[in-house]
Amino acid sequence: MASEAKSRKRAAKASRQAGLGPNSSGRIVPWLFVLPPILWICTFSLFPFFNTIRLSFTDSTLLKPGTFVGLENYIDMFTDRRFQTAFFNSSLYVVCIVPFMVILPLMLASLVAEKTRIMNFFRTAFYTPVIMSSVVVGLLWTNILDKDGLLNGTFKALKWITAPIPFLTDRWLLLFSAMAVTIWSGLGYYMLIYLANIANIDSTLYEAASIDGCGGIRQFLHVTLPGCRMTMILVMLLSSMSAFRVFGEIYMLSGGSGGVGGADLTMTMLIKQEGTGINARTGYSGALGMVMFVVLGCIIGIEWFIQSRSED
């Protein structure tokens, strides 16, 4: 009996050392849950990212792996007029879009914050463009802005114009039309974020402001704005990244051409043009992607710095 007990102890000790004891499942089961997302991230995020870094230093194309060329792609990029145009357009998109995306959704959220049936209707109406695909949005606004579309037809009927306005062919009108579509389709998303923040603001602050004689505008300026300060920084970050990565609006409004002569190309459109097709230059496209990654990283860094200063 004693020898049998000793053998059992030795077997139990060996199984614990091998991770097969009664508590081993408590250590293995959590890894079984996180293993699929880890594999997913490694396969579809980390591997493509590091492969893009590798490609950016080669002259690879769709049909050949290419050889190491050092910084040649980056040097060619900064002398490429298409890159200069795309970078300028994407940067201008950020400068013009972000202020509207920070302020307008907050104003909408303040207007529809009251929980009534009519306000629920307006919330749904403002949020509807968010759930529409970019293709549907692009086709809708293409028909509205076309030379024979709804907008030009209305202006002609009112005798405001004699010739159609070239919303989809003029270099600047196409770019600013795409910005208007981006604002229209994104308002509801950021409005929802602000609504969640406004719901957490102490209602007694509004009551105190009302007792002090503050109207709706003054309550918005002195209660809502300070209460949503950190959320405004978050919206600034999200809208900045989204604006710099804009693709669908300009692609659909320009018919995939990026405007006349490619004058309205954005960074994502240029990456798509260079990285797809029979003549794809995957190495050069990888270098474009890395520049875009660095720019987005700088945007995140700036927003993080602003947020840390605001918290202090």
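How much space per residue, in cubic angstrom, does the convex hull of the C-alpha atoms of the chain take up? The partial results should precede the final answer.
Values: hull volume 85.3 nm³, N = 312.
Spelled out: Cα convex hull of the chain, divided by residues, is 273 Å³.
Once neighbouring chains are kept in place and the probe is 1.4 Å, which whole percent of the accessible area of the chain is contributed by carbon and sulfur? Could you put the intermediate results ahead of the total?
On the way: 12840 of 18900 Å².
C and S atoms contribute 68 percent here.
Please compute the length gained on full extension between V34 and K159, using 0.36 nm multiplied by the number of residues separating them and subtracting their Cα-Cα distance.
Gain on extension, V34 to K159, equals 38.6 nm.
Over the Cα atoms of the stretch 90-219, what is the Rg over Rh ratio if Rh follows Kirkwood?
Working: Rg = 18.8 Å, Rh = 17.2 Å.
Radius of gyration relative to Kirkwood radius: 1.09.
When only Cα pairs under 8 Å and 6 or more residues apart are kept, what is the percent relative contact order across the stretch 138-275? Please report the intermediate quantities before stating the final value.
Numbers: 104 pairs, mean separation 40.3, N = 138.
Contact order relative to length: 29 percent.
Only residues of the stretch 243-275 count here: report those whose backbone N is under 20 Å from the spot 7 Å along Cα→Cβ of L139, or say none.
247-258
Specify the residue with the greatest mean-square fluctuation among D80, D146, D212, computed from a Gaussian network of the chain linking alpha-carbon atoms under 10 Å apart.
D212
Cα-Cα pairs above 11 Å in the stretch 54-96: how many percent? Numbers along the way, then the final one.
On the way: 624 of 903 pairs.
Value for the stretch 54-96: 69 percent of Cα pairs lie more than 11 Å apart.
Rounded to the nearest whole Å², what accessible area per residue is found for the chain with the 1.4 Å probe? Mind showing how you got there, number by number?
Working: 18900 Å² over 312 residues.
Accessible surface, normalised per residue, equals 61 Å².
Would you please give the residues with an amide H less than 5 Å from that of T58, counting only those at least 5 places away or on a separate chain, with H modeled from the backbone geometry?
Answer set, sorted by chain and number: V69.
Quote the relative contact order of the chain in percent (integer), defining contacts as alpha-carbon pairs under 8 Å separated by 6+ residues.
Computed value for the chain: 29 percent relative contact order.
Calculate the FRET efficiency for S310 and F78 from the Cβ-Cβ distance with a Förster distance of 30 Å, rounded to the nearest 0.05.
Numbers: r = 35 Å, r/R0 = 1.16.
The computed FRET efficiency comes out at 0.30.
To the nearest 10 degrees, how steep is helix 134-145 against the longest Cα principal axis of the chain, on a 0 to 90 scale?
0
Relative to the longest principal axis of the C-alpha atoms of the chain, give the angle of the C-alpha long axis of helix 2-17, reported between 0 and 90° and rounded to the nearest 10°.
Once rounded, the angle reads 20 degrees.
If a/c stays under 1.5 just call it rounded; otherwise compare a/b with b/c (prolate if a/b is bigger, oblate if not). Do that for the stretch 142-295, with a ≥ b ≥ c from the square roots of the Cα gyration tensor eigenvalues.
Details: a/c = 4.02, a/b = 1.49, b/c = 2.71.
It comes out oblate by the Cα gyration axes.
Could you give the angle, 0 to 90 degrees to the nearest 10, between helix 282-311's Cα long axis and the longest principal axis of the Cα atoms of the chain?
90
Could you give each residue of the stretch 59-71 its phi-based ³J(HN,Hα) in whole Hz, using Karplus coefficients 6.51, -1.76, 1.60 with θ = phi - 60°, and x for Gly or Pro?
9, 5, 10, 5, 9, 9, x, x, 10, 5, 10, x, 8
The values are calculated or read from the model by the stated rules, or taken from the named source; none is laboratory data. Because the structure is a prediction, the values reported are computed rather than measured. Every residue, glycine among them, receives a Cβ derived from its backbone with ideal geometry; neighbour counts consider all protein chains shown. SASA here: full protein model, heavy atoms, side chains in, ligands and nucleic acids out. Shrake-Rupley method; radii C 1.70, N 1.55, O 1.52, S 1.80 Å.
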